[in-house]
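Step one of this worksheet: look at the structure below.
The values are calculated or read from the model by the stated rules, or taken from the named source; none is laboratory data. Nothing here was measured: the structure is a model prediction, and the numbers come from that model. All Cβ positions, glycine included, derive from the backbone under ideal geometry; neighbour counts span all protein chains shown. In case anyone asks, the SASA skips ligands and DNA or RNA and just uses the protein heavy atoms, side chains included. Shrake-Rupley method; radii C 1.70, N 1.55, O 1.52, S 1.80 Å.
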Amino acid sequence: MGMQGDFFQLLKEQGYTLGSSAQVGSGQEFTTATTILAFKYRDGVLVAGDRRATAGNMVMYDRTDKVLEIDRHSVMAIAGVPATAYEMVRVLEHSFKYYRRTQLQELSFEGKLRAVSKLLKDNVSAALAGTGAVAPIFAGYDFEQGTAKIFFYDILGAEFEGVEYAVSGSGSPTIRGILHYVNTWGEQPLVALPEEQATIQALRLLTSAAEFDSATGGINREASLYPIIKLITGAGVRTVPDAQLKPLYEAQVLRHV
Amino acid sequence: MYEEPYRWVEAVGNRRTYLDEQFKQGSPVVALTYDGGLALVTVSKGTPKLYEIYDRIALGGLGHPADLEKLRFSLLEMAHTEGFNRSPSDVTGSRLVKYGMAPVIKQAFEEVYKAPFILKVLLAELGQKPEKDTLLTINYDGTFEETTGCAVLAATPAVQKEMTSYLHQEMSSGLSLAQAVATALRAWALGDRAQRQASEDKERGDEKPTPAAKPASLDAASLSAHLRDRVVEKTIECAVLDRNQPGTSKYRALNQDELGRLLPNDLKAALAS
């Protein structure tokens, strides 16, 4: 008998295992071909991700959703092996629901964070073998502290708080520098940006990442392909619709040379 | 002693008498459709009686809280593993009742050496379309029924029948949530009053209820008055499966403020006390 209301335990008792138990150390390179980012803005946290899925130098799909809602108040953005990442999201989604419904209270934000790192820890062997490495960003609203928070993880499950921002994926080195610059010497720090300015910033950052990283999908106006941008506030998670991104992109991001 | 078939039948009969006795003080549960989905209403004392089971499934219970907890956990376990391993749309109320609950409850009821479940359960399931909304009830012996529109749980089948016919008479299509809650509470009052009447009659020893008391009592004012008397030190509980709720989970328990705003004036006083 595990902890009360632990859905992952329940699954394990029924013989479920997360990820494959592949041979450790087969020496594959960890592929995290993507760009995801999260930063705090005036009303909460913005989480964004590009839409491209790649296999080696092949573009598999250009409409992937890498910013996934776990429940009404938390979001996980995924970088890494999609199969494992989506499975983790499914486990988390059911775990949080199961906890809420059995224990008749919402799982605390701390508890949610623990659940994420526990899953990553269980996945270490697959991560090291190169078949299941995932380095996600988890963001949500912490009701106990009355604020939205960002956490990011390495593939072994170590948890770090992104006090101002967090990035992950192959395109992240490019925008990490930009975020630092903008946040330190920009007109105003990220945390002071109103919603619209924050959205513009996210579009610009993802466009920059796509400029330098072939594995990050850019914005394609002709195909009306825009990144996924979600906003987390005390009222819950909200997706910024494409109809709103389009004019912002055209007026504030696009430059005609 | 139970080897003989007759003894067993007798023992099961005794169980019915015993169980019927247990529900006498129970608080009825009412479920009905409104324009945004399904609403469940009851009046509880201490332990809650309405619960979320899955994305589109809610539970209302009548009976012993410990038995209800036990059953609720097994339902949650079944629903969530199924929803995870297959898909959320494969978790249906009908399967939970027919394969999950009914056999267990029936077996416990008929195994005369062991304790039966002291409970009656109502499952409400929000369909993808309004015409697919279903209400399922299951009795302490494992018999179940599937209906649409409205369903109730009460101490005896007679009271349940009285409540449902009242609901059928009062309900019209496209009720707002406020109207649905008011109707449900009046139906609750009707059921509660009938249960009390029945047990008083029994104590006095007359098997037949006094026929004169019946006709005048169906008007809203007298039902509201009964509700006001009975709700003291208790809580009106209301939960909805709201079709317009964003996200996958459609269950929402109404808090006291929200409920206060919804209640008609003659019932507001009941809540305030």
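Of the residues that sit in segment B:45-58 and are more than 21 Å from A:ASP71 (Cα to Cα) and more than 10 Å from chain A (Cβ to nearest Cβ), which one is surrounded by the most Cβ atoms within 10 Å (Cβ to Cβ)? Before you say what the answer is, go through the steps one by one.
In the first step, residues of segment B:45-58 are kept if they are more than 21 Å from A:ASP71 (Cα to Cα); the result is B:45-50.
Imposing the further condition that a residue be more than 10 Å from chain A (Cβ to nearest Cβ) reduces the set to B:45-47, B:49-50.
On the way: B:LYS45: 11, B:GLY46: 9, B:THR47: 10, B:LYS49: 26, B:LEU50: 23.
Filtering first and then ranking leaves B:LYS49.
Can you work out which of the residues in segment A:71-88 that are aliphatic (A, V, I, L, M) and either in contact with a Ser or Thr (Cβ under 9 Å, 6 or more places away or on another chain) or open to solvent by 10 Å² or more (accessible area, probe 1.4 Å) (or both) is modelled with the highest pLDDT?
A:ALA77
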Which one of these is under 20 Å from B:GLY61 (Cα atoms), at pLDDT below 95 and either open to solvent by 60 Å² or more (accessible area, probe 1.4 Å) or in contact with a Leu (Cβ under 7 Å, 6 or more places away or on another chain) (or both): B:ARG204, B:ARG196?
B:ARG196
Would you call B:ASP219 closer than 27 Å to B:LYS24 by Cβ and at pLDDT below 85?
yes
Strands (runs of 3 or more DSSP E) lying entirely in segment A:27-138 (those with 2 or more residues that are within 14 Å of another protein chain (Cβ to nearest Cβ)):
A:67-71, A:74-77
Quick one: is A:SER95 surrounded by fewer than 17 Cβ atoms within 10 Å (Cβ to Cβ), touching a residue at least 24 places away in the same chain (Cβ under 8 Å) and either touching a His at 6+ places or on another chain (Cβ under 9 Å) or at negative phi (or both)?
no
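Kindly indicate the residue of segment B:4-29 that is in a loop (DSSP other than H, G, I, E, B) and touching a strand residue (DSSP E or B) at 6+ places or on another chain (Cβ under 9 Å) and also surrounded by the fewest Cβ atoms within 10 Å (Cβ to Cβ) among those meeting that condition. It would help to see each step written out before you state the result.
The initial filter retains those residues of segment B:4-29 that are in a loop (DSSP other than H, G, I, E, B), namely B:4, B:24-28.
Next, only the ones that are touching a strand residue (DSSP E or B) at 6+ places or on another chain (Cβ under 9 Å) stay: B:26-28.
Values: B:GLY26: 22, B:SER27: 20, B:PRO28: 28.
Restricting to residues being in a loop (DSSP other than H, G, I, E, B) and touching a strand residue (DSSP E or B) at 6+ places or on another chain (Cβ under 9 Å), the top hit is B:SER27.
Tell me, which residue of segment B:112-131 that is outside any strand (DSSP E or B) and aliphatic (A, V, I, L, M) is nearest to the other protein chains (Cβ to nearest Cβ)? Write out each step before concluding.
Just the residues of segment B:112-131 that are outside any strand (DSSP E or B), to begin with: B:112-118, B:126-131.
Those still in the list that are aliphatic (A, V, I, L, M) too: B:112, B:115, B:118, B:126.
Working: B:VAL112: 30, B:ALA115: 22, B:ILE118: 21, B:LEU126: 15 Å.
This residue is B:LEU126.
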Can you find a residue that is within 14 Å of another protein chain (Cβ to nearest Cβ), under 18 Å from the mean Cα position of the chain (by Cα) and of a type in the set (Gly, Ala, Ser) anywhere in segment B:23-44?
yes
Only one of these is assigned to a helix (DSSP H, G or I), at pLDDT 95 or above and crowded, with 22+ Cβ neighbours inside 10 Å: B:LEU40, B:LEU32, B:LEU62, B:LEU68. Name it.
B:LEU68
Out of the residues in segment A:139-179 that are of a type in the set (A, V, I, L, M) and part of a strand (DSSP E or B), which is farthest from the chain's Cα centre (by Cα)?
A:ALA148
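Scan segment B:71-81 and give yes if some residue there is open to solvent by less than 10 Å² (accessible area, probe 1.4 Å), touching a residue at least 40 places away in the same chain (Cβ under 8 Å), over 22 Å from A:PHE8 (Cα atoms) and within 19 Å of the chain's Cα centre (by Cα), otherwise no. Before you say what the answer is, go through the steps one by one.
Within segment B:71-81, the subset open to solvent by less than 10 Å² (accessible area, probe 1.4 Å) is B:71-72, B:75-76, B:79-80.
This time we only want the ones that are touching a residue at least 40 places away in the same chain (Cβ under 8 Å), so: B:71.
Those left that are additionally over 22 Å from A:PHE8 (Cα atoms): none.
Within segment B:71-81, none of the residues are open to solvent by less than 10 Å² (accessible area, probe 1.4 Å), touching a residue at least 40 places away in the same chain (Cβ under 8 Å), over 22 Å from A:PHE8 (Cα atoms) and within 19 Å of the chain's Cα centre (by Cα).
Take A:LEU193 and decide whether it is modelled with pLDDT of 95 or more, within 14 Å of chain B (Cβ to nearest Cβ) and either touching a Lys or Arg at 6+ places or on another chain (Cβ under 7 Å) or open to solvent by 70 Å² or more (accessible area, probe 1.4 Å) (or both).
On the way: modelled with pLDDT of 95 or more: yes; within 14 Å of chain B (Cβ to nearest Cβ): no; either touching a Lys or Arg at 6+ places or on another chain (Cβ under 7 Å) or open to solvent by 70 Å² or more (accessible area, probe 1.4 Å) (or both): yes.
No: the conditions fail for A:LEU193.
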Is there any pair with a first residue in segment B:242-263 that is away from chain A (no Cβ under 14 Å) and under 17 Å from B:GLY37 (Cα atoms) and a second that is assigned to a loop (DSSP other than H, G, I, E, B) and hydrophobic (A, V, I, L, M, F, W, C) whose Cβ atoms are under 7 Å apart and which are 6 or more apart or on different chains, and what are they?
B:ARG243/B:LEU126
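For segment B:72-111, which positions are in a helix (DSSP H, G or I) and among the β-branched types (Val, Ile, Thr)? Explain how you work it out, then say what you get.
So in segment B:72-111, the residues in a helix (DSSP H, G or I) come out as B:72-85, B:88-90, B:93-110.
B:THR81, B:VAL97, B:VAL104, B:ILE105, listed by residue number.
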For segment A:117-134, the count of residues that are surrounded by fewer than 23 Cβ atoms within 10 Å (Cβ to Cβ) and either at pLDDT 95 or above or in contact with a strand residue (DSSP E or B) (Cβ under 6 Å, 6 or more places away or on another chain) (or both) equals 1
List every residue pair whose Cβ atoms sit under 8 Å apart, with the two residues 6 or more apart in sequence or on different chains, where the first one lies in segment B:8-27 and is over 24 Å from B:PRO48 (Cα atoms) and among the acidic types (Asp, Glu) and the second, anywhere, is assigned to a loop (DSSP other than H, G, I, E, B) and open to solvent by 90 Å² or more (accessible area, probe 1.4 Å).
none
